[in-house]
1. Compute the signed sum of charges (Lys and Arg +1, Asp and Glu -1) over the other residues within less than 9 Å, Cβ to Cβ, of V94.
2. Hey, could you pull the Cα Rg and Dmax for segment 126-226, both in Å?
3. In debye, nearest 20, what is the charge dipole magnitude of the chain about its Cα centre with +1 on Lys and Arg Cβ and -1 on Asp and Glu Cβ, if you could check?
4. So how do 56-67, 91-102 stack up, highest first, on mean other-Cβ count within 10 Å?
5. Between E99 and E35, what is the FRET efficiency for a Förster distance of 22 Å, r being their Cβ-Cβ separation, to the nearest 0.05?
6. Mark the label point 7 Å from the Cα of D91 along Cα→Cβ and return the residues of segment 26-48 whose backbone N is within less than 20 Å of it.
7. For the residues L140, L89, what sequence is obtained by ranking on other C-beta atoms within 10 Å, fewest first?
8. What is segment 39-224's relative contact order, in percent, from Cα pairs under 8 angstrom and six or more apart in sequence?
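Throughout, read-outs are computed from the coordinates displayed, never taken from laboratory work. Since we're looking at a predicted model, the values are computed, not measured. No Cβ is skipped: glycine too gets one built from the backbone with ideal geometry, and neighbour counts run over all protein chains shown.
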Amino acid sequence: MPTWNELFTDELYVNRIPESEVNHFVDVLEMLFSERPLRLWDVCCGGGRHTIAMAQRGHKVYASDNAPNAIRLTQEWISSLNLEVYLELADMTVCPWPEMGFHGAISWDSLYHNTLDNMKKAVSEIHRHLLPGGLFMCTLMSTKSDSFVWGCGQQVEPRTFILEDSADAGVPHHFCDESEVRELFRDWEYLSLAEQVITYLERGKNFLDYNPFPFTKWGVLVRKIS
């Protein structure tokens, strides 16, 4: 089974197209804060698609990931576009810029790749480094997800599994129900909490290798209130 770092050696695994929700997230931040440029943190930046998208809008972007290959890919892309981005190798539970205050932070399809305890640590660290009124947007896997309902592989703690039949087999996946999401963000103000439900009635052999549709997941947009 590949490690998280090894996944980023395969160009097919690196998505180059940013999610539209991230651009809208920056739109909202630009309405909320008059300061320019905004300081934005891409937590677990992966191959850099959202880091690049935010930097191209003229903002000061900080990006971190615990996979050296992810940092390398992001740096190569940044260099090819002559953009300036602050990149650091770091676990999601640690902000590598200890004195920095951010207007916004994102963690797209990444926060749930951990144990629940480490997810709590990551959310707390993000909260600590946001400015008052700053926003955090993330996605989380739902317990209604196909992978959870149909069988997830090896369980390492309640609702945390090492998947066995996907491209990221060997990587932890934690699945949340609504009560757990609300507990995770109990110190925040909710601006939006949405469960995007997709139910698979049929799936073929090696389904996870070619499935073009997103898994059932939570979309979370929260604001730091203190």
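1. -1
2. Considering segment 126-226 through its Cα atoms, Rg and Dmax are 15.4, 49 Å.
3. 480
4. Answer by packing, highest mean first, reads 56-67, 91-102.
5. FRET efficiency, E99 to E35: 0.80.
6. The answer is 42-46, whose backbone nitrogens lie closer than 20 Å to the label point.
7. Final ranking by Cβ density, sparse to dense: L89, L140.
8. In percent, rounded to a whole number, it is 19.
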